[in-house]
Amino acid sequence: MNGNRTLGYSMLAPALIVIGVFILYPIVGAFVTSFFADTPFAPRRFVGLGNFARLTGDDPAIGSVGFTLLFVAVSTTLEILLGLLMALVMHHTWRGRGWIRAAVLIPWAIPTVVTAVMWKFMFNDQYGFFNLLWHGNAIEYYTAWLADPGSARLAIIMADVWKTSSFAALIILAGLQTIPRELYDAARVDGAGAFRRFRAITLPLLRPAIVLALLFRVIDAFRVFDLVYVMTQGAPGNSTSVLQFYGYQKMFPEQQFGYGSAISVVVFLMIAVFGWIAVRMLSTRMHES
Amino acid sequence: MTNGRKIPQTISFTCYLRIVVCLPLLAASVSSCGGGSTDDGRTVVRVVTWKPDYPHLWDTALARFHRANPDIRIAREIGPQNSTQLHDLLTQKLRNRDVSVDAFLMDVIWTAEFARAGWAAPLDDRFPPEERAQFFAGCIAADVVGDGIYGVPFNTDSGVLYYRTDLLDKYGFAPPRTWPELVDQVDSILAGEDDPRLSGYSGQFRQYEGLVCNMLEFVGANGGDLLAPSTPEVIAAVEFVRDRIIAGVAPRGVLTYQEQESLDLFASGGAIFHRNWPYAWAVCRETAMAGKVGIARLPTFKPGMSTAALGGWRFGVSAFSQHPDEAWRVVAFLTSPEMQELFAVEGGKAPARRALYQDADVLGANPHFAALYDVFETATPRPRSPIYPELSHILQRFLHAAIADTLSEIPALAHQAAVAIQTAQARID
Amino acid sequence: MKRVGIICAVALVTLFSVGPFVWIVGASLKTPATITARPPTIVPDFATTFYETAFGEHNILRYALNSAIVAGTTTLITIVLAALAAYPLARLRLRRRGVILGIVLGASMFPQIAIVGGVYRMLSHWGLLNTYPGLILPYTALALPLAIWILTVFFRALPRELEEAAIVDGCGPVATLRRVFIPLAAPGIFTAAILVFIQSWNEFFFALLITTDPSVQTLPVGIAKFPGQYMVPWGELAAAAVVATVPLVIVVLVLQRRITSGLTAGAVKG
């Protein structure tokens, strides 16, 4: 047994070393930097919790937090629901299933920077796809989606849901594939209808996959960056700025590494809270099954 | 237990795995080693640039340099032309005192930041006042920080007004001198034309750096200073844009336009007036608007205060370079009259050297440069500050929120921006 | 009735996923004159102008090749390391299993923007900037948490009997992993592989800062270099989107056949 334990740890070691060097060590660096004021224009100095205090009085930052939470809640919910739907469709299709899967994965496959530019192109008020759909050829009625806070937020959420539903679909599909067919056959023999089978067999056995997809979608939704960077830059005003984007603005264009790191720490804490909740849900289900 | 005999078997499998995994890494790292700083005896000067619009021009330029300077080899690190992205990748290197960067291109708004941060080397002894006098004063002023000069101008840029000559002639108008006059002309023309697809004005009002340029032109024309947003001149100018431009002569979509989209509208016949940089002149000549486009100085509010935002790029030498002399030779070459003429004639880039505006070849390829000489000479820079990126973000948020909402409380927003600006400036003093 | 329902659902799903992409393919086949037409034209001209520019002037093939090398190597290394790590986490009774899983997850929660600086400094220090390993190593680290979690969950869900049979046969952990788990957890493994590949293929910000030498730059950075100072080439970008997506579609078509019900596939062999 001891040999197994040592071997077990040594199997873990390569992965943990890579993660440790390239992620954990820089994370520690970022945590440390968050307690300093670090710009190129003055020597680095310790400010303790000063950066975090500054965050509480920073209106654009607080606005960003609001939209971040809205974005995470709405887009994650839609993505899981759509992902579930798409996974079921992919699972039950027999002819051309490869093509369906490839089709579903296309949104996830396109590089985000390209997606963002393309969606910007499609929301354009002169030659955009959505204006064509909505108003046909009457260009006098074409609207500028990204000019108003409400429609701009909708646009960003749409683009993200379109792109990442396939991620959830893929994970849920893999979960669907591991449910033994015998259970369905037995239930059918017992006379259970399709909906009953779905509720009693599929959903419970699918829960680990759904929660896994939810977990990683939440983590990624809190950290959304590329879409905002290319599509709106947080505009109009501050309405589509997410906290992570605001942190980027502080760290890179504005060269305020201490403050930017503090913002990243806050984002991390927000994710940690939600992630912890999701993990509890996952581990109780895993113990149950 | 069989563990004793099994472990060697499993360990060898794991070893095998590790070797399989490491081999590609080793192979890849060996094959893609970055070059050292001497290469077959020549000194390698690394220049960080953007991807050029005319790659063959740069190849020509570099070839000429290599012929004249056989002891130096220029290696280009090429980033996107997007100013923000180039800034991100360049500052990342300079923050880490990367010795592999010798020279770099700077946007007009970066010099103050790079100088104060100690990233750009002072060039005073290499770039004496007699030489500086050959460039536009505005370009030089952008590169002077404190007592020293930190950049050599490569090209220049400024905002100009484009207009539809056919429409203005039809209604007997001369290019407008003031913004209210422009609005009146638009009203007359639109009433006469009765074309629902024609709008009055196209500019760049998306929330990005270009918005600061466009608004600088309105605010400056009213005698205001962007860094003092609460002053009446600034507030009046912003109100004018909100009420007469965005909610008036321009389509609401301009709030999402950068240069490309705004030019698309004008070049497809959708706008009477258009604010853009000089590059648009050549683009218009290849569209349906060929022959119908005129170029003029931007209108003003107060007499004689027409303001055009200053743009353009310059070269700097890295303070961490191990070959500053060679780097300077590269910079001096690329900003020489011959090179600036090459880029002007074949690439349409407006040179930063004054004398080239009397050059027959340059004017032959770019006839509109003659009219633009005065505009370039008097172009107004954006606020010069080491923390300009932060100030720009504050201004962008303020300006966009102010002009996008017809019910915006501009004095209140301006006051918030003023406080934020003061706080930011206090932080570095 | 059920058949009609399924066909409708398939049509909707396909339309949703592929609709915007079809628009982009159409845009890539227009000409410079028609791509910014107001109102937009629905049927493209089937011109290849934009593709010619993308391949010729913008050299998109080189960037695609770099992306393929980086993403492919990252995926290979990540899956191997993740499978090795997931087995002990799923099956061996390690005392600190929960802590390790928590740390791994925590690593994936930290905003990547904040760690770019630290990673850059390390790579610079080791001379790995502008090299393939300079991207492969951080990408592997970024992909491992997801891969480890997916594989751990899938390994956990497998029945113990097959594994116990293998141990009785004298297999140590690695051999059990190889002979029992990997075939059975194939859906999870290939899912993880697809996701890791796509994530590495599309990563932008790290690549922007780490690779400034055009011979090593990946596709997202190459595409970011398409726009000129003021000009946005919608057509070439559309062509680039198509070129960037087609290899991924092929990878998916090839790998997705492996996402089949693992129990029927593996149990008989073992």
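So in the range B:398-429, with the set limited to residues that are farther than 19 Å from B:ARG384 by Cα and among the charged types (D, E, K, R), which one is surrounded by the most Cβ atoms within 10 Å (Cβ to Cβ)? Looking at the filtered set, the residue picked out is B:ASP405.
Going through (1) out of contact with any Pro (no Cβ under 6 Å at 6 or more places or on another chain); (2) touching a residue at least 60 places away in the same chain (Cβ under 8 Å); (3) of a type outside the set (Lys, Arg); (4) surrounded by fewer than 23 Cβ atoms within 10 Å (Cβ to Cβ) one by one, A:GLN177 falls short only on (1). Applying the criterion of at least 2 residues that are hydroxyl-bearing (Ser, Thr, Tyr) to the helices (runs of 4 or more DSSP H) found wholly in the range A:48-137 leaves A:59-92, A:112-122. B:ALA332 passes every criterion in (1) in a helix (DSSP H, G or I); (2) within 14 Å of chain A (Cβ to nearest Cβ); (3) surrounded by fewer than 22 Cβ atoms within 10 Å (Cβ to Cβ) apart from (2).
Of all the criteria given as (1) hydroxyl-bearing (Ser, Thr, Tyr); (2) farther than 29 Å from A:TYR142 by Cα; (3) touching a Ser or Thr at 6+ places or on another chain (Cβ under 6 Å), the one not satisfied by B:SER262 is (2).
Can you go through A:ILE171, A:ILE179 and tell me which one is in a helix (DSSP H, G or I), more than 14 Å from chain B (Cβ to nearest Cβ) and within 30 Å of A:ILE210 (Cβ to Cβ)?
Criteria check complete, one pass: A:ILE171.
Would you pick out the residues in the range A:228-238 that are within 21 Å of A:PHE121 (Cβ to Cβ) and either surrounded by fewer than 22 Cβ atoms within 10 Å (Cβ to Cβ) or modelled with pLDDT under 85 (or both)? Within the range A:228-238, A:TYR229, A:VAL230, A:MET231, A:THR232, A:GLN233, A:GLY234, A:ALA235, A:PRO236 qualify. Anything in the range C:48-82 that is at pLDDT below 85 and over 19 Å from B:GLN260 (Cβ atoms)? List them, or say none. Result: C:GLY56, C:ASN59. Within the range B:299-329, the only residue that satisfies the criterion of being in contact with a helix residue (DSSP H, G or I) (Cβ under 7 Å, 6 or more places away or on another chain), surrounded by fewer than 23 Cβ atoms within 10 Å (Cβ to Cβ) and among the aliphatic types (A, V, I, L, M) is B:MET305. Those helices (runs of 4 or more DSSP H) of the range C:1-60 in which 1 or more residues are over 30 Å from B:TYR54 (Cβ atoms) and not assigned by TED's automatic domain parsing to the domain that holds C:VAL243 occupy C:2-28.
State whether one or more residues within the range A:42-57 are touching a residue at least 40 places away in the same chain (Cβ under 8 Å), more than 9 Å from chain C (Cβ to nearest Cβ), under 13 Å from B:ARG427 (Cβ atoms) and touching a strand residue (DSSP E or B) at 6+ places or on another chain (Cβ under 9 Å). Yes, there is a match, as at least one residue in the range A:42-57 is touching a residue at least 40 places away in the same chain (Cβ under 8 Å), more than 9 Å from chain C (Cβ to nearest Cβ), under 13 Å from B:ARG427 (Cβ atoms) and touching a strand residue (DSSP E or B) at 6+ places or on another chain (Cβ under 9 Å).
Annotation note: of A:ALA13, A:ALA61, the sole residue that is surrounded by fewer than 16 Cβ atoms within 10 Å (Cβ to Cβ), modelled with pLDDT of 90 or more and not basic (Lys, Arg) is A:ALA13. If I filter the range C:118-134 for residues that are modelled with pLDDT under 80 and either crowded, with 23+ Cβ neighbours inside 10 Å or not in a helix (DSSP H, G or I) (or both), do I get at least one hit? There is no residue in the range C:118-134 that is modelled with pLDDT under 80 and either crowded, with 23+ Cβ neighbours inside 10 Å or not in a helix (DSSP H, G or I) (or both). Taking the range B:231-253 only, how many residues are farther than 19 Å from B:LEU182 by Cα and modelled with pLDDT of 95 or more? Residues in the range B:231-253 being farther than 19 Å from B:LEU182 by Cα and modelled with pLDDT of 95 or more: 5 in total.
Quick one: count up the residues across the range B:260-279 that are crowded, with 23+ Cβ neighbours inside 10 Å and more than 24 Å from B:ALA191 (Cα to Cα). Can you show your working first?
From the range B:260-279, those crowded, with 23+ Cβ neighbours inside 10 Å are B:261-267, B:271-276, B:278; that's our starting set.
Still in the running and more than 24 Å from B:ALA191 (Cα to Cα): B:261, B:276, B:278.
Selection size over the range B:260-279: 3.
The values are calculated or read from the model by the stated rules, or taken from the named source; none is laboratory data. Computed from a predicted structure; not experimentally measured. Here Cβ is always computed from backbone atoms with ideal geometry, including for glycine, and neighbour counts include all displayed protein chains.
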